[in-house]
Amino acid sequence: MNTTKTKTFIFTAMLIATAITISCSSDGGDDGGNGGGNDLSSSGVETGSSSSAGTGDGSSSSGGTGGGGSSSSVGGTSDGGSSSSGAVSGSCLTIEDFSAVLNCPDYDPANPSNKGKFTDPRDNKEYNTIKICNQTWLAENLNYNAPGSKCYDDDPDNCDTYGRLYDWATAMDLDAKYNDEFYGVSGCLDYGSSRGTFDFWDPAVTTHQGVCPEGWRLPRSLELYWILSEAIGGREMAGTKLKATDGWDWYTYDDISGNGTDDYGFAALPGGSFEFNRDSFNDENQRGFWWSSSESRNNGVHILRLQYDANSSGWNMSDKKSFSSIRCVKN
C-alpha cells in the first residue's frame, strides 16, 4: 500500500469532517431579537416585557462556549484579550469545562482575605475588589472616563455612585462600527451540556480587556451568569445575594425592600441604563445591567440583569447601542 496516499486521504477526510462540524455549529438555533425580554427567572424561561437597556430574548440556544485565539484557561487567566481584527475561531468549550471555576468547596464568602483594593493607574481611582469562588472581581462598577461613556442623567455625581455607562463597542474598546456589525467571534453549539429548561451558548472563549485596566477584562457570559449565579447557590436567590444592602427602590406592589443582602461583597447597585432607541436614561434605583464580551448571532450581547422587584438574577440580550455598566474580572 502507498503510505503517502493513505496519509493524504486520512488528512483530507479530517479536514472535511472539521468543516462539517464548524458548519453545524454556526447554523444552530436563533438567539431571538433585541427588543422584548425573555427573562430567565427562577421558574425557568419566562416571557416578560422589560424596559431595561434594550434587553431582548434571554433564552439562549446551547450549552457550550466557542471561540479561540488568545484564549484563557478555565480558571479565568488570560494573556490580555483577543485581537480587534474580528473573526476569531477555535475549539469549543462546554459548561462542564468551567467546573474548575464552579467547583470551589473551600471558598468561604465570610473570609476577610477575599476583599481587597485596586488602584487604576490610568486615573488613580481606587476600587474595592472581591473574590467570588476563585475569581477576583471589581466590587464596584467601572468608572473610567472612556470617550463616549456617560454618567446617568449626565450628572457626574451619578458616576461617583454607579460608575459610568458604556455602549458595547466602547466597553470592548472597539471601533464604533461593531455596535452595528458582528465582531466575529465564532459560536459553538453543544446541546448535550444543557441544564434546566434551556441551553446556553457563549461565543467568547477568547477574553477581551476592553476598557478594563491592564490585567483585568470584561467577563464572558458564562462567567457573568454561572459564576455570579450557580457558584453562589443558584439563580433563584442570586439577585438578593449580589445586590447592595442600600440604594435599591422599595417594591410597593409587595411592600418589600428592593435591597439585597450582599452576601459576597459584590455590592451591586441599580445604575440603570441609557436606551439609544428612546434617547433616554432609565431604571435608576430599580435595575442594573452589566456587559459581557459575548455576542449573540442576532448582533445582541449577553448581559446580567438585577432588579429591585426580583430575588433572582436575569440573563438577557441587549442591543449594543444601549449603555450598561461594567464589572471587570481579573485575569
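The values are calculated or read from the model by the stated rules, or taken from the named source; none is laboratory data. On a predicted model such as this, the values are computed, not experimentally measured, just so you know. A quick note on method: Cβ atoms are made from the backbone with ideal geometry, for glycine too, and the neighbour counts reach across all protein chains shown. Accessible surface areas use protein heavy atoms only, side chains included; no ligands, DNA or RNA. Shrake-Rupley method; radii C 1.70, N 1.55, O 1.52, S 1.80 Å.
Cβ-Cβ under 8 Å, sequence separation 6+ or interchain: first residue in region 117-133 and farther than 30 Å from GLY234 by Cα, partner assigned to a strand (DSSP E or B) and of a type in the set (S, T, N, Q). Which pairs?
Partner pairs satisfying both residue conditions: LYS125/THR119; GLU126/THR119.
Could you run through region 134-163 and say how many residues are of a type in the set (D, E, K, R), part of a loop (DSSP other than H, G, I, E, B) and touching a residue at least 24 places away in the same chain (Cβ under 8 Å)? Can you show your working first?
First, pick out the residues of region 134-163 that are of a type in the set (D, E, K, R): 140, 150, 153-155, 157, 160.
If we keep only those that are part of a loop (DSSP other than H, G, I, E, B) too, we end up with 140, 155.
Going one step further and asking which of them are touching a residue at least 24 places away in the same chain (Cβ under 8 Å), we end up with 140.
Residues that pass the stated criteria total 1.
Could you check LEU222 against (1) at pLDDT below 85; (2) assigned to a helix (DSSP H, G or I); (3) touching a helix residue (DSSP H, G or I) at 6+ places or on another chain (Cβ under 7 Å); (4) surrounded by fewer than 24 Cβ atoms within 10 Å (Cβ to Cβ) and say which number it fails?
With respect to (1) at pLDDT below 85; (2) assigned to a helix (DSSP H, G or I); (3) touching a helix residue (DSSP H, G or I) at 6+ places or on another chain (Cβ under 7 Å); (4) surrounded by fewer than 24 Cβ atoms within 10 Å (Cβ to Cβ), LEU222 is out only on (4).
Give me a count of the residues in region 97-141 that are touching a strand residue (DSSP E or B) at 6+ places or on another chain (Cβ under 9 Å), at pLDDT 90 or above, closer than 28 Å to LYS320 by Cβ and open to solvent by 20 Å² or more (accessible area, probe 1.4 Å).
Within region 97-141, residues that are touching a strand residue (DSSP E or B) at 6+ places or on another chain (Cβ under 9 Å), at pLDDT 90 or above, closer than 28 Å to LYS320 by Cβ and open to solvent by 20 Å² or more (accessible area, probe 1.4 Å) number 4.
I need the full set of residues from region 221-246 which are free of Cβ contacts under 8 Å to residues at least 40 places away in the same chain, small (Gly, Ala, Ser) and under 13 Å from LEU306 (Cβ atoms), in order please.
Passing the criteria: only ALA244.
Go through the residues of region 207-217 one by one and say whether even a single one is at pLDDT below 85, farther than 23 Å from PRO105 by Cβ and assigned to a loop (DSSP other than H, G, I, E, B).
There is at least one residue in region 207-217 that is at pLDDT below 85, farther than 23 Å from PRO105 by Cβ and assigned to a loop (DSSP other than H, G, I, E, B).
Determine whether TYR144 is at pLDDT 95 or above and touching a Leu at 6+ places or on another chain (Cβ under 9 Å). Even if it seems obvious, please write down each step before you answer.
Working: at pLDDT 95 or above: yes; touching a Leu at 6+ places or on another chain (Cβ under 9 Å): no.
So TYR144 fails the test.
May I ask you to list the residues in region 309-324 that are closer than 18 Å to LEU242 by Cβ, open to solvent by 40 Å² or more (accessible area, probe 1.4 Å) and not acidic (Asp, Glu)?
ASN311
So which residues in region 226-243 are part of a loop (DSSP other than H, G, I, E, B) and of a type in the set (Gly, Ala, Ser)?
Taking region 226-243 first, the residues part of a loop (DSSP other than H, G, I, E, B) are 228-229, 233-237.
Result: SER229, GLY233, GLY234.
Enumerate the strands (runs of 3 or more DSSP E) found wholly within region 244-308, keeping only those where 2 or more residues are surrounded by 24 or more Cβ atoms within 10 Å (Cβ to Cβ) and modelled with pLDDT of 90 or more.
Working: elements: 273-275, 280-282, 287-295, 300-307.
Output list reads 273-275, 287-295, 300-307.
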